[in-house]
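Chemist: Here it is, the structure in full.
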Amino acid sequence: MVVQTCATPPNARTNYIVDQFEGERITIPGSKGVFRMLASSKQTNGSMAIFTSGSVIADAPGFHWHEEAHDVFLVTKGFLKLWAGDKCRILGPGDFAYVPPKVIHNPEQLGPHTELLGLVAPGDWVDFFRYVGETYEGVLTPEHDDRDLKHALISKLMAAKDRFDVHFSRDYQPPEVGEWLAEENVLGKAGEAYFLRANTGPRWVLGGVMSRPFILSSQTGDRFSISSIESSKAYARSSLSRWLSFATVDHCFVVKEGVFSVKVQGDDEWSDVREGQTIVIAAGETFMIKFSSMFVRIWSFANGKGIEEVIQRAGKEYQGYVLPDKPEDWDEGNVLQTCLDIGASTTAD
């Protein structure tokens, strides 16, 4: 038995795979864009929602802020113009931005076809998309939907202005777009909005597994963490060739390159997850991961301290930018202690 593949997330906190460009698909009238839900409240106990979104050139939704919701923007294709607080940047593939609560922001997709990965915490915030939007049944995005976006948003919000954590700032004077700064290659302080250039920031290695975080749980009050995790089948032995279980932390792994394999305890077979696919592993499950091609890159989303925390705490800071030809030695005792410290459990394969 392998993990089931679904066109839309199942209606429960369980394990599943979603194919590329699938998911619960919603379009906001006139946006020329689509949100594809990979996981939300029912799959993460209300803690976070993860989605892809795609759009051609269209109007931005308007400057707004959230009382409680955290937003992230991770570009995978095309270009995004994002205002966040006192900065505005043009983001390209691999660039990242974090917008904490109470920070005014506004995303404008520049196209010609832009794709993003997004996370919102708490997870039920995306009910806003469901409320103002409608089901999308097309292929990629409704390029020729010429309805008035602002009219659709304003009329719906007026009918339910106290229901959703979206507050528009119509008199806001936005900053001009600026060039990327040399220091925008580090993670921000806790509760601070920031931009992060692609493939920069700190790196940690545990054996032959590298974690390149976009944001750590320590920056979000343990609400969520996001990291690029990379490794290779070329290594004879992996530091993560072990059973792992996180009692309260769900993992959503989006495969960006290569073949990533997961085996859930009780299953007879490995589930191979390929480029563009997503696998969600529910909290409390015991599972093992394997890197099944020469180079594998996954983007890991966790609602707390997950696999990326194990790599960081039990591993070493890494100065290189790509995987080493040979894995470094690691301390098995550090791995066991780290898992104990963060409330996870592990046994070697």
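Chemist: I need the trypsin sites (Lys or Arg not before Pro) found in the stretch 139-170, filtered to DSSP loop residues with at most 16 other beta carbons within 10 Å of theirs. Display every interim value, and only then the final one.
Modeler: Details: sites: 147, 150, 156, 161, 163, 170; in loops: 147, 161, 163, 170.
Taking the stretch 139-170 and a limit of 16 other Cβ atoms within 10 Å, the loop trypsin sites (Lys or Arg not before Pro) found are 147, 161, 163, 170.
Chemist: Same structure again: Please give the per residue volume of the convex hull enclosing the alpha carbon atoms of the stretch 202-348, rounded to a whole number of Å³.
Modeler: Given the Cα convex hull of the stretch 202-348, per-residue volume reads 99 Å³.
Chemist: For the chain, with only Lys/Arg (+1) and Asp/Glu (-1) charged at the beta-carbon, what is the dipole magnitude about the Cα centre, in debye rounded to 20? If you can, show how the numbers build up before the last one.
Modeler: Numbers: 34 positive and 47 negative charges, 8 e Å.
Dipole of the chain, to the nearest 20 debye: 40 debye.
Chemist: Further, regarding this structure: Taking every pair of Cα atoms in the stretch 23-195, average 1/r, invert it to obtain the Kirkwood radius, and report Rg/Rh to two decimals.
Modeler: Details: Rg = 15.2 Å, Rh = 16.3 Å.
The Rg/Rh ratio comes out at 0.93.
Chemist: Next question. Could you let me know the centre-to-centre spacing of the stretch 292-338 and the stretch 72-132, using Cα atoms, in angstrom?
Modeler: Here the two parts' Cα centres lie 27 Å apart.
Chemist: What angle do you read, to the nearest 10 degrees and between 0 and 90, between the alpha-carbon axis of helix 332-341 and the longest principal axis of the chain?
Modeler: Value to nearest ten degrees: 40.
Chemist: Return the aspartates and glutamates within reach of residue 42: Cα separation strictly under 15 angstrom, same-chain partners fewer than 8 residues apart disregarded; answer none if there are no such residues.
Modeler: Cα-Cα hits under 15 Å: 24, 124, 127, 250.
Chemist: When Lys and Arg each count +1 and Asp and Glu each count -1, what net charge do the other residues less than 15 Å away from residue 135, Cβ to Cβ, add up to?
Modeler: Details: positive: 25, 36, 130; negative: 22, 24, 127, 134, 137, 145.
Here the charged neighbours net out to -3.
Chemist: Please name whichever of 91, 103, 133 sits farthest to the positive end of the charge dipole of the stretch 23-195, dipole taken about the Cα centre and charges placed at Cβ: Lys and Arg +1, Asp and Glu -1.
Modeler: 133
Chemist: Rounded to the nearest 500, what is the chain's calculated 222 nm mean residue ellipticity when only DSSP H runs of at least 4 contribute -39500 (n - 2.57) each, over all residues? Provide the component values of the computation, followed by the final result.
Modeler: Values: 5 runs with 39 residues, N = 349.
Only helices count here, giving -3000 deg cm²/dmol.
Chemist: What is the gain in length, in nm to one decimal, between residue 12 and residue 247 on full extension, counting 0.36 nm per residue of separation less the C-alpha to C-alpha distance? Intermediate values should be presented prior to the final figure.
Modeler: Values: separation 235, 0.36 × 235 = 84.60 nm, distance 1.65 nm.
Net length gain for the segment: 83.0 nm.
Chemist: What ranking of 339, 88, 252 emerges when the number of other C-beta atoms within 10 Å of each C-beta is taken as an exposure proxy, fewest first?
Modeler: Details: 339 21, 88 18, 252 27.
So the residues, fewest neighbours to most, are 88, 339, 252.
Chemist: Calculated FRET efficiency, residue 340 and residue 237, Cβ-Cβ r, R0 25 Å, to nearest 0.05? The partial results should precede the final answer.
Modeler: On the way: r = 22 Å, r/R0 = 0.89.
Here the calculated transfer efficiency is 0.65.
Chemist: Subtract the Cα-Cα distance of residue 5 and residue 321 from 0.36 nm times their separation in residues, and report this length gain in nm to one decimal.
Modeler: On the way: separation 316, 0.36 × 316 = 113.76 nm, distance 3.35 nm.
Result: 110.4 nm gained on full extension.
Chemist: Something else about it: Count the net charge of all other residues whose Cβ sits under 10 Å from the Cβ of residue 102, scoring Lys and Arg as +1 and Asp and Glu as -1.
Modeler: On the way: positive: none; negative: 67, 68.
In short, -2.
Chemist: Related question: So what is the orientation-averaged projected area of the chain, using the convex hull of its C-alpha atoms, in nm²? Don't jump to the answer; show the numbers that get you there.
Modeler: Numbers: hull surface 67.0 nm².
Projected area, direction-averaged: 16.8 nm².
Chemist: At q = 0.19, 0.26, 0.27 Å⁻¹, what log₁₀ I(q)/I(0) does a Debye calculation on the Cα points of the stretch 273-349 give, no solvent, two decimals?
Modeler: Relative scattering, expressed as log10 I(q)/I(0), comes to -1.09, -1.54, -1.54.
Chemist: Let me ask something else about it. To test your reading of the geometry: what angle, between 0 and 90 degrees and rounded to tens, separates the Cα axis of helix 149-159 from the longest principal axis of the chain?
Modeler: 90
Chemist: Mind checking the dipole of the stretch 1-137: about its Cα centre, +1 per Lys or Arg Cβ, -1 per Asp or Glu Cβ, Debye to the nearest 20? List each step's numbers first, then the result.
Modeler: Working: 11 positive and 15 negative charges, 37 e Å.
About 180 debye.
Chemist: Rounded, prolate or oblate: which fits the stretch 121-173 when a ≥ b ≥ c are the square roots of the eigenvalues of the alpha-carbon gyration tensor, with rounded for a/c under 1.5 and prolate only if a/b beats b/c?
Modeler: Values: a/c = 1.95, a/b = 1.33, b/c = 1.47.
Since a/c reaches 1.5 but b/c is at least a/b, the shape of the stretch 121-173 is classed as oblate.
Chemist: For the stretch 202-348, give the magnitude of the charge dipole about the Cα centre (Cβ charges: +1 Lys/Arg, -1 Asp/Glu; no others), in debye to the nearest 20.
Modeler: Details: 15 positive and 19 negative charges, 56 e Å.
The calculation lands at about 260 debye.
Only the coordinates and a few stated rules stand behind these numbers; no lab work does. None of the values given here were measured: they were computed from a predicted structure. Note that we place each Cβ from the backbone using ideal geometry, even for glycine, and neighbour counts take in every protein chain shown.
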